[in-house]
Amino acid sequence: MPMGRRARRKEIIGTTSDLPLPLLRAAQWATIGGIMPGIIHDLNNTLNTVVGFADLWRTDARLPSELRSDLDEIVRAGLHARDLLAWLRELVEVPQSEPTIGKVVLSEVCEQALALLATPIRRRHLQVTLHHHPQTPLVRGCHRRLLMLVLCLLRNACDALPDGGNLIVRTYGDEGTVVLEVEDNGEGIPEAVQKQLFEPFVTTKPSGTGLGLILARTLALEIGGALTLTTQAGKGTKVTVRLPAA
């Protein structure tokens, strides 16, 4: 190939170093999201086999009680893992139509999101506190998108507490709206970055994409809600989301 054509070809293709690191990470996650539904399907089939055989075996009256207890635990854990896969599939599958708007129990969405993030929460030794007011109204929205919204906020809070700390999640009703608060006692967000928080790819985390907060606010705005953030250096960050009541 002539040198001139090679140079032009290299200029067109470029290199990965031409792109900002957060943009590369966003592209990587987009690729992973494309293959995840197939992986989830295969894992779910495997789980169904394990749970099915364990469930059948534990009905054998000849089994010792200790073994039957172990099989009960296998079934319980398998069903829990299947629920996690179902929630994960709901997140990564590309919707084929407009989101279905209905009545959503926000406390259940928060508990699902925390279950999906159980591993990073455990590894960081986080103390999670849930405050769900019993009279919190239902939210008018899409369950899938609300789950994604809560996941974005919880993931940001986890990242703000790499060495442990407190994570507080509150839900309650206020003047015809449903309020979600996610609060951490991390280092807070530097003042220099605060004005850029809702710009794409702006992040203070080495492994961040700078898209989580933007996505959360977009999802809130889509159903007529609002998202605000307060932060203080050395004391942490609180994100408040107001959502329409059903």
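The values are calculated or read from the model by the stated rules, or taken from the named source; none is laboratory data. Since the model is a prediction, treat every value here as computed from it, not as a measurement. A quick note on method: Cβ atoms are made from the backbone with ideal geometry, for glycine too, and the neighbour counts reach across all protein chains shown.
Within the stretch 96-149, the set of residues being of a type in the set (D, E, K, R) and more than 21 Å from GLY186 (Cα to Cα) comprises GLU98, LYS103, GLU108, GLU111, ARG140, ARG144, ARG145. Being in the same structural domain as GLY186 (by TED's automatic domain parsing), surrounded by fewer than 19 Cβ atoms within 10 Å (Cβ to Cβ), at pLDDT 90 or above and assigned to a strand (DSSP E or B) is a property that THR230 has. Looking across the stretch 233-246, the residues that are surrounded by 19 or more Cβ atoms within 10 Å (Cβ to Cβ) and β-branched (Val, Ile, Thr) come down to THR237, VAL239, VAL241.
The rows are residues; the columns are (1) surrounded by fewer than 16 Cβ atoms within 10 Å (Cβ to Cβ); (2) more than 30 Å from ARG145 (Cβ to Cβ); (3) modelled with pLDDT under 80.
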{"site": "THR31", "(1), (2), (3)": "yes, no, yes"}
{"site": "GLY34", "(1), (2), (3)": "yes, no, yes"}
{"site": "ILE40", "(1), (2), (3)": "no, no, no"}
{"site": "THR46", "(1), (2), (3)": "yes, no, no"}
{"site": "TRP57", "(1), (2), (3)": "yes, yes, no"}
{"site": "GLU73", "(1), (2), (3)": "yes, yes, no"}
{"site": "LYS103", "(1), (2), (3)": "yes, no, no"}
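Every test in (1) modelled with pLDDT under 95; (2) under 21 Å from ALA81 (Cα atoms); (3) surrounded by 15 or more Cβ atoms within 10 Å (Cβ to Cβ) is passed by CYS110 save one, and that test is (1). Assess whether THR218 counts as being under 26 Å from ASP163 (Cβ atoms) and either of a type outside the set (Phe, Trp, Tyr) or at pLDDT 90 or above (or both). No; evaluated as a whole, the condition is false for this residue.
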